[in-house]
Amino acid sequence: MSEKTQAYGGQAVIEGVMFAGKHTSVTAIRRNDHSIEYFQVEKETRPILAKLKKIPFLRGIVAIIEASANGSKHLNFSSERYDIDPKDDLAIQENKKESKLTLIFGVAAIGIISFLFGKFIFTLTPAFLAELFRPIFPGHVAQNLIEGFIKFLLLLSYIYFVSLTPLIKRVFQYHGAEHKVINTFESGKPLTVENVQAHSRLHYRCGSSFMLFTVIVGVFVYMLVPTEPLWVRVVNRLALLPIVLGVSFEVLQVTNKVREIPGLRYLGYPGLWLQLLTTKEPTDDQVEVSIASFTRMLEYDKEIAETKIAENIV
């Protein structure tokens, strides 16, 4: 697979961006002295997972698990390297530590770190809340629509409230920088700050879009099973969660493939609208970090591929 056909992805981390390639993933973060520090993880070859990733609906679940495991390594690196000046007094240091914790929770809103745990919460809580409205909306269809609406409100509320802090806003800016770099690369333009800033901060393959699609897909999937009694509803939600995730991943892939087709491009618009909350316009400095991360990832990917070819591994 060539660079032009390789679908690159990434995520925002604390004061930086991670990009994942075919063979490696690289994070670049900005330090207090304005230098850029890198963290690289080479992908392990797992034949079984490689085969599963070729199977529709199953490949989405595998991708989520892999991205969660890999992303946690990069998030841990960025959080550990998040600067606390030893000259600061104790009160300031404690405040920065709290801010650091807030950042970590904020990053979880735009990526899929801890996604499965969060998905359990966002799946079960709306089911219990919808049950409270059964005296008013007793019907099967009405209950599913109410549950989906509550789930949508919880998702929007969570993202909105974490985005109110200045520190989380910076993470969302790096998220926007990540998308801008990928959009620029996919357009064939050189990765300069000027070119990158000219591109959109929204992208069809974003994890934010995926989260929203799980809400929409869930409404249709859960229509197929009963909503009462409550314990049956809960069991069904948990049992069908892998199906919801698998179908949502396929929907995400389809919307990305048809994004250039007039009329069909609108299928991905709900996810793009959500990204108006999960991304912000980045500064030039943040774009520089994103470009540095993507460029370093391409360099490592090329080196590893050439080494494997020389060793007759691929």
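The values are calculated or read from the model by the stated rules, or taken from the named source; none is laboratory data. Everything numeric here is computed off the predicted structure, so don't read it as measured data. Every residue, glycine as well, gets a Cβ built from its backbone with ideal geometry; the counts of neighbours run over all protein chains shown.
Observations
- Of all residues in the range 37-64 being loosely packed, with under 14 Cβ neighbours inside 10 Å and of a type in the set (A, V, I, L, M), the one that is farthest from the chain's Cα centre (by Cα): I48
- Of residues in the range 262-294 being more than 20 Å from Q11 (Cα to Cα) and either of a type in the set (A, V, I, L, M, F, W, C) or touching a Cys at 6+ places or on another chain (Cβ under 8 Å) (or both), the one modelled with the highest pLDDT: L267
- The set of residues from the range 170-224 being aromatic (F, W, Y) and either in contact with a Gly (Cβ under 9 Å, 6 or more places away or on another chain) or closer than 19 Å to V254 by Cβ (or both) comprises F172, Y174, Y204, F210, F213, F220, Y222.
- Only one entry in R205, R201, R259, R237 is more than 18 Å from Y8 (Cα to Cα) and among the basic types (K, R), namely R237.
- Test: residue in the range 41-57 that is of a type in the set (F, W, Y) and assigned to a strand (DSSP E or B): no
- Residue match in the range 273-292 (condition: touching a residue at least 12 places away in the same chain (Cβ under 8 Å) and closer than 22 Å to R59 by Cβ): no
- Boolean, G139 is on the phi > 0 side of the Ramachandran plot and surrounded by fewer than 22 Cβ atoms within 10 Å (Cβ to Cβ): no
- Residues that are more than 19 Å from D301 (Cβ to Cβ) and either without any contact (Cβ under 8 Å) to a residue 12 or more places away in the chain or not in a strand (DSSP E or B) (or both) within the range 6-40 comprise I14, E15, R31, N32, D33, H34, S35, listed in sequence order.
- Of residues in the range 246-271 being among the hydrophobic types (A, V, I, L, M, F, W, C) and not in a loop (DSSP other than H, G, I, E, B), the one surrounded by the most Cβ atoms within 10 Å (Cβ to Cβ): L252
- Checking the range 105-126 against the condition returns no match, with no residue being at pLDDT 70 or above, over 30 Å from A239 (Cβ atoms) and of a type in the set (F, W, Y).
- Pairs where the first residue, in the range 231-245, is surrounded by 17 or more Cβ atoms within 10 Å (Cβ to Cβ) and the second is among the aliphatic types (A, V, I, L, M) and outside any helix (DSSP H, G or I), C-beta under 6 Å, 6+ apart: N236/V225
- Within the span defined as the range 83-104, one or more residues are outside any strand (DSSP E or B), at pLDDT below 85 and under 16 Å from the mean Cα position of the chain (by Cα).
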